[in-house]
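Below you'll find the structure, written out as structure tokens, and then a few comments.
The values are calculated or read from the model by the stated rules, or taken from the named source; none is laboratory data. On a predicted model such as this, the values are computed, not experimentally measured, just so you know. Here the Cβ positions follow ideal geometry from the backbone for every residue, glycine too, while neighbour counts run over all protein chains shown.
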Amino acid sequence: MLLDDALAGAELVAGFDGSIVDVGSGGGTPGIPLAASLPDREVTLLEAERRKTEFLERWMEELPNLRVVWGRAEEQPLETFGIAVAKALAHPSTAAEWCLPLVGEGGAVVLWVGPSAEPERVALVAERMAGELVQSPPGFLVLRKTGPTPPGFPRRPGVAKKRPLA
Ligand SMILES: C[S@@+](CC[C@H](N)C(=O)[O-])C[C@H]1O[C@@H](n2cnc3c(N)ncnc32)[C@H](O)[C@@H]1O
């Protein structure tokens, strides 16, 4: 069930400090369940499609800790969140490239992944982007941000998908 799936990560996310961004939130997973289960944390739903953000905005009345931003990950201000989460955003190595610049040094990226995820590819991407793949529970890949975003990142919109780093 979708809700269980989203909540499975809540404990993991709660272990890292700072505000949370759900990148490519779509219909609101996992950001809305996270906002409901972590009411003292600010949760931003970042979504590239305007039509979807209009639907997401309706949740802001019920969840005062929720914000909605219409835009692409590659065009956001750098390093403004403590944690970036993403589920079914893109191939995990592309999702890692989009998410890492959004979090500050010491922050974390939590990717919900399926059994076909290739952790070694994600680890290579992380190395290029001041990140490190750390021990992760089944169904997740957790990256720590170990330094400032290197020059040249984020690459132009769409490039991470067309020409993945690994
Ligand atoms: C397959 S949906 C997954 C939605 C939700 N996370 C879920 O698990 O159901 C991927 C979403 O990511 C959005 N998206 C794709 N590329 C993006 C980007 N570069 N920045 C922000 N959102 C993006 C798409 O518009 C789409 O709504």
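Structure summary
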{"quantity": "Condition broken by LEU78, with the remaining ones in (1) surrounded by fewer than 21 Cβ atoms within 10 Å (Cβ to Cβ); (2) in contact with a helix residue (DSSP H, G or I) (Cβ under 8 Å, 6 or more places away or on another chain); (3) closer than 17 Å to PRO137 by Cβ satisfied", "calculated": "(3)"}
{"quantity": "Condition met for ALA73 (closer than 23 Å to GLY131 by Cα, near the ligand (Cβ under 9 Å from one of its atoms), surrounded by fewer than 16 Cβ atoms within 10 Å (Cβ to Cβ) and not β-branched (Val, Ile, Thr))", "calculated": "no"}
{"quantity": "Options GLU79, GLU75; residue that is in contact with a Gly (Cβ under 6 Å, 6 or more places away or on another chain) and under 23 Å from LEU111 (Cβ atoms)", "calculated": "GLU79"}
{"quantity": "All positions within the stretch 1-57 that are more than 7 Å from the ligand (Cβ to nearest atom), of a type in the set (Gly, Ala, Ser) and buried (at least 21 other Cβ atoms within 10 Å of the Cβ)", "calculated": "ALA6, GLY9, GLY28, GLY31, ALA35"}
{"quantity": "Yes/no for THR146 being among the polar types (S, T, N, Q) and within 16 Å of the ligand (Cβ to nearest atom)", "calculated": "no"}
{"quantity": "Options ALA108, ALA90, ALA84, ALA95; residue that is more than 18 Å from ARG128 (Cα to Cα) and modelled with pLDDT of 95 or more", "calculated": "ALA90"}
{"quantity": "Conditions (1) closer than 15 Å to VAL21 by Cα; (2) of a type in the set (A, V, I, L, M); (3) within 13 Å of the ligand (Cβ to nearest atom): number failed by VAL159", "calculated": "(1)"}
{"quantity": "Per-region count, the stretch 53-111, residues more than 21 Å from ALA35 (Cβ to Cβ), touching a Pro at 6+ places or on another chain (Cβ under 8 Å) and of a type in the set (Gly, Ala, Ser)", "calculated": "1"}
{"quantity": "Test set (1) touching a residue at least 12 places away in the same chain (Cβ under 8 Å); (2) of a type outside the set (Val, Ile, Thr); (3) more than 20 Å from ALA95 (Cβ to Cβ) - TRP70 fails condition number", "calculated": "(3)"}
{"quantity": "Any pair with Cβ under 7 angstrom, 6 or more apart, that starts in the stretch 141-166 at a residue that is in contact (Cβ under 8 Å) with a residue 12 or more places away in the chain and of a type in the set (D, E, K, R) and ends at one that is assigned to a loop (DSSP other than H, G, I, E, B) and crowded, with 16+ Cβ neighbours inside 10 Å", "calculated": "LYS145/ALA130; LYS161/ALA90"}
{"quantity": "Helices (runs of 4 or more DSSP H) contained entirely in the stretch 60-166, each with at least 2 residues that are among the small types (Gly, Ala, Ser) and in contact with a strand residue (DSSP E or B) (Cβ under 7 Å, 6 or more places away or on another chain)", "calculated": "92-99, 119-128"}
